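What follows is a single structure, written as structure tokens, with notes after it.
The values are calculated or read from the model by the stated rules, or taken from the named source; none is laboratory data. A quick note: this is a predicted structure, and the numbers were derived from the prediction, not measured. Counting neighbours? That spans all protein chains shown, and the Cβs are built from the backbone with ideal geometry, glycine included. Note: areas computed on protein heavy atoms with side chains; ligands, DNA, RNA excluded. Shrake-Rupley method; radii C 1.70, N 1.55, O 1.52, S 1.80 Å.
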Amino acid sequence: MVTTTAATDTRRRIVARPAAWLVWGAVIFFFLNLLGVVGSVLVSSFGQRWFDTWFPDGYTTKWYGDAWTEFALLQVITVTLQVSLLVVGLSLLIGVPAAYVLARRSFPGKRAIYLVFLLPILMPPITYGIPLATVLYKFGFAGHLSGVVLANLVPSVPFVILTMTPFIEQIDPRIESAARMCGAGMRSVFLRVLAPLLLPGMLASAILVLVRTVGMFELTFLTAGPDSQTLVVALYYSMSAAGIRAQQSVDAMAVMYTAMMLVLLVIALRYVNPTQLVARVKEEPEP
């Protein structure tokens, strides 16, 4: 009897509606195509020659060395790290105090300010990137590292604010009141009381901004100069610039960029809990 019941439960788990099978089929088809595209680029980056056969004639790692020297990847990666770290630091420096004010204060127009912060995140970067780049070129910032950093701050600071606000709202304000009653000033309250409690949220914001900045193409492309290109922009120029280049070296560069993004995403998922980014609705106090 127990065996029959277990077999029946197994059949029920396998049976699904036709709509569910279609959804799962579409998901599997998507991932198979994605795996095929990534796999072909990976195989091409190691192939000596690859024309009309299923696999290359031979395998080599020389294309990675060629890409490293031909595209000056050491300088490009250095610029990418500089831009990313500057954007992360400035975003936290501006966004955390702004998130604190929005989480602790009630004032007219608060919802409108939230909407303004949402616009750079929801809108495609190219829509505001072109006028932003025009302003930066007018004042001499674009074409340099400072212009790339300023352009990437536009979506990054609101991202930090919207990420940090739920963390601050979950901290009981009575903790701050108790610290003030003990004689602590605002600076001491923030550094010694709030900062340790907000550290997980700041780490989450920093990692997510880092991933977003490394992968940001539009704003960086519009404001970068020859010496301020990040890896994703350099990859685009390597594919579209004039001249004859081995496709394998471009594929090797693409593999390096993909590997960097995968490492950042793994780190983000290791330290960031997506459920922490959802604001909890405050309970109404009982009368």
FRET E, pair Trp54, Asp172, Förster distance 45 Å, beta-carbon r, rounded to 0.05: 0.10
Relative contact order, percent, segment 117-227 [alpha-carbon distance under 8 Å, six or more residues apart]: 48
From the square roots a ≥ b ≥ c of the eigenvalues of the alpha-carbon gyration tensor of the chain, which class results: rounded (a/c under 1.5), prolate (a/b over b/c), or oblate? oblate
Percent relative contact order for the chain, counting Cα pairs under 8 Å at least six residues apart, stands at 27
Taking a probe of 1.4 Å and leaving out DNA, RNA and ligands, segment 91-188 shows per residue an accessible area in Å² of 55
Accessible-area composition of the chain, carbon plus sulfur, in percent [1.4 Å probe]: 70
Would you work out which of Ala20, Ala234, Val87 lies farthest towards the positive end of the dipole of the chain? Charges go on Cβ: Lys and Arg +1, Asp and Glu -1. Ala20
Per-residue ³J(HN,Hα) for segment 88-103, Karplus 6.51 cos²θ - 1.76 cosθ + 1.60, θ = phi - 60°, Hz, x for Gly and Pro: 5, x, 5, 5, 5, 5, 8, x, 5, x, 5, 5, 4, 5, 5, 7
Specify which residue in the list Ser45, Thr60, Phe190 is farthest towards the positive end of the charge dipole of the chain, using unit charges on the beta carbon of Lys, Arg (+1) and Asp, Glu (-1), about the Cα centre. Phe190
Ranked highest first by average number of other Cβ atoms within 10 Å, how do 144-153, 118-127, 203-212 line up? 144-153, 203-212, 118-127
Taking the Cα centre of the chain as origin, sum charge times position over the Cβ atoms of Lys and Arg (+1) and Asp and Glu (-1), and report the length of that vector in debye to the nearest 20. 780
